[in-house]
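The values are calculated or read from the model by the stated rules, or taken from the named source; none is laboratory data. Computed from a predicted structure; not experimentally measured. As a convention, Cβ positions derive from the backbone with ideal geometry for all residues, glycine included, and neighbour counts pool all protein chains shown.
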Amino acid sequence: MPGIRIQHPTARNARYTVVDSDRPYPIPYHCTSPLQGGCGSIHLFKTHHLNLDVAGSVIVSTGVFDLLAHRLQLDGFVVTNEVASPPPLGVDLTQVPGGGISIVKSPNLIEPI
């Protein structure tokens, strides 16, 4: 499945959360811990977790990109290229001081909790 590589202007090697405020959960969702791939927050709306690499880049599916394009643009993300066959992706926690991963929440359309 093709993907779109996007890059944030400042966030690096972090899990970036983007809230889709058009898709509420029926009950609050307690996200898994950062070590388990989540952010540890309680979500009231569908929240996408983007694992940014050391350059602040991530490849998202074309469907996710189409859904979040406006929110990503508000947050300063730019499209760098289209990737016909994305490789398996993950965050290299060995590059993060202390072995943890920082969580960066979108400043736009964030949840009230």
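Inspect all residues belonging to the stretch 20-34 and state whether any of them is closer than 19 Å to residue 86 by Cβ, under 14 Å from the mean Cα position of the chain (by Cα), in a loop (DSSP other than H, G, I, E, B) and at pLDDT below 95.
no
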Candidates 48, 43, 8, filtered to the one that is surrounded by 15 or more Cβ atoms within 10 Å (Cβ to Cβ), at pLDDT 95 or above and not hydroxyl-bearing (Ser, Thr, Tyr)
8
